[in-house]
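Engineer: Starting off with a structure, shown below.
The values are calculated or read from the model by the stated rules, or taken from the named source; none is laboratory data. Predicted model only: the values in this text are computed from it and were never measured. For neighbour counting, all protein chains shown are included, and Cβ atoms are generated from backbone atoms with ideal geometry for every residue, glycine included. All accessible areas refer to the heavy atoms of the entire protein, side chains included, with ligands and DNA or RNA removed. Shrake-Rupley method; radii C 1.70, N 1.55, O 1.52, S 1.80 Å.
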Amino acid sequence: MKFAGEYRISASRAQVWEALNDPNVLRASIPGVESLDKKSDTEFAAALTVRVGPVKARFKGSVTLRDLDPPHGYLIVGEGQGGVAGFAKGSCQVSLSEEGEETLLHYQADAQVGGKLAQIGSRMISGVAKKTADDFFSAFAKQLAISTDSETSSVKEKKLTDPSVLHTITNRPAIAPAYWIGALIIIIGFLLWLYS
């Protein structure tokens, strides 16, 4: 099954990339996430609970990041097992582009699902997939706004005027892409799994 979408985020591409590297932002944004653990710079393990109609399942999965091109995009490859509820596996190409002061996040995914979830009607699955994606991006945008607001407040409170200090604050090193890519892969894999 193929799945694609676009989301406009009111932040610069660098801010979006940085937030997607922040495990705290991702944990606060991903519906049903229980854990998100880094195994290496490009591999993650995660667990989340999802509900689709009468089926509720806890999924454990792994995510691998490939073709990293910060802050432009990457390829996410993942798979998850939900016990008797089924499985999901697939890949997702994600790209970030700037449009004025906003960032356009675009993804194209290909996924396969099996088990009980594959037996649920496609309308129900597509509805849950859309709601889950909307919930994630809404929560992500809020977390990004909170992070940006608190950073701005901190700068104002300290009355920093030295350009080198401001440059250091706005360009601090990002957390490894694996955290946000792993979470995004899990979300996209879940959405693909639900949509099939």
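Engineer: Filter segment 45-55 for residues that are assigned to a strand (DSSP E or B) and either under 14 Å from the mean Cα position of the chain (by Cα) or of a type in the set (Gly, Ala, Ser) (or both) and give the result.
Structural biologist: Applying the first criterion (assigned to a strand (DSSP E or B)) to segment 45-55 yields 45-52, 55.
Answer for segment 45-55, where residues must be assigned to a strand (DSSP E or B) and either under 14 Å from the mean Cα position of the chain (by Cα) or of a type in the set (Gly, Ala, Ser) (or both): Ala45, Ala46, Ala47, Leu48.
Engineer: Further, regarding this structure: Output the qualifying pairs, or none if there are none: Cβ atoms under 7 angstrom, residues six or more apart or on different chains, first residue in segment 112-138 and on the phi > 0 side of the Ramachandran plot, second residue assigned to a strand (DSSP E or B) and at pLDDT 75 or above.
Structural biologist: Gly115/Phe87
Engineer: Of the numbered conditions (1) small (Gly, Ala, Ser); (2) closer than 21 Å to Gln93 by Cα; (3) in contact with a helix residue (DSSP H, G or I) (Cβ under 7 Å, 6 or more places away or on another chain), Gly53 satisfies every one except a single condition; which is it?
Structural biologist: Gly53 satisfies every listed condition except (2).
Engineer: Going through segment 56-113 one residue at a time, which ones are closer than 18 Å to Val128 by Cβ, open to solvent by less than 20 Å² (accessible area, probe 1.4 Å), outside any helix (DSSP H, G or I) and of a type in the set (A, V, I, L, M)?
Structural biologist: Within segment 56-113, the subset closer than 18 Å to Val128 by Cβ is 56-59, 61, 80, 82, 85-88, 90, 92, 107, 109, 111-113.
The next check asks that each one be open to solvent by less than 20 Å² (accessible area, probe 1.4 Å); those that pass are 57, 59, 80, 82, 85-86, 88, 92, 107, 109, 111.
Next cut, outside any helix (DSSP H, G or I) only: 57, 59, 80, 82, 86, 88, 92, 107, 109, 111.
Result: Ala57, Ala88, Ala109, Ala111.
Engineer: Do the conditions hold for Arg66, that is, is it closer than 21 Å to Tyr7 by Cα and basic (Lys, Arg)? Walk me through it before giving the result.
Structural biologist: Values: closer than 21 Å to Tyr7 by Cα: no; basic (Lys, Arg): yes.
Spelling it out, it is not the case that Arg66 is closer than 21 Å to Tyr7 by Cα and basic (Lys, Arg).
Engineer: Name the single residue that is farthest from Arg66 (Cα to Cα) among those in segment 12-44 being in a strand (DSSP E or B) and in contact (Cβ under 8 Å) with a residue 60 or more places away in the chain. Don't jump to the end; show me each part of the working.
Structural biologist: Taking segment 12-44 as the starting set, the residues that turn out to be in a strand (DSSP E or B) are 33-38, 43-44.
With in contact (Cβ under 8 Å) with a residue 60 or more places away in the chain added as a condition, the list becomes 33, 36, 38, 43-44.
Numbers: Val33: 22, Leu36: 18, Lys38: 15, Glu43: 10, Phe44: 12 Å.
Filtering first and then ranking leaves Val33.
Engineer: Report, by residue number, each residue of segment 19-49 that is β-branched (Val, Ile, Thr), under 17 Å from Phe140 (Cα atoms) and either modelled with pLDDT of 85 or more or loosely packed, with under 15 Cβ neighbours inside 10 Å (or both). Working first, answer last.
Structural biologist: To start, the set of residues in segment 19-49 that are β-branched (Val, Ile, Thr) comprises 25, 30, 33, 42, 49.
Filter again for under 17 Å from Phe140 (Cα atoms), leaving 25, 30, 33.
Matches in segment 19-49: Val33 only.
Engineer: May I ask you to list the residues in segment 8-31 that are more than 10 Å from the chain's Cα centre (by Cα) and among the basic types (Lys, Arg)?
Structural biologist: Arg8, Arg13
Engineer: Is it fair to say Gln143 is in contact with a Lys or Arg (Cβ under 8 Å, 6 or more places away or on another chain), open to solvent by 20 Å² or more (accessible area, probe 1.4 Å) and modelled with pLDDT of 80 or more?
Structural biologist: Numbers: in contact with a Lys or Arg (Cβ under 8 Å, 6 or more places away or on another chain): no; open to solvent by 20 Å² or more (accessible area, probe 1.4 Å): yes; modelled with pLDDT of 80 or more: yes.
So Gln143 does not fit the description; no.
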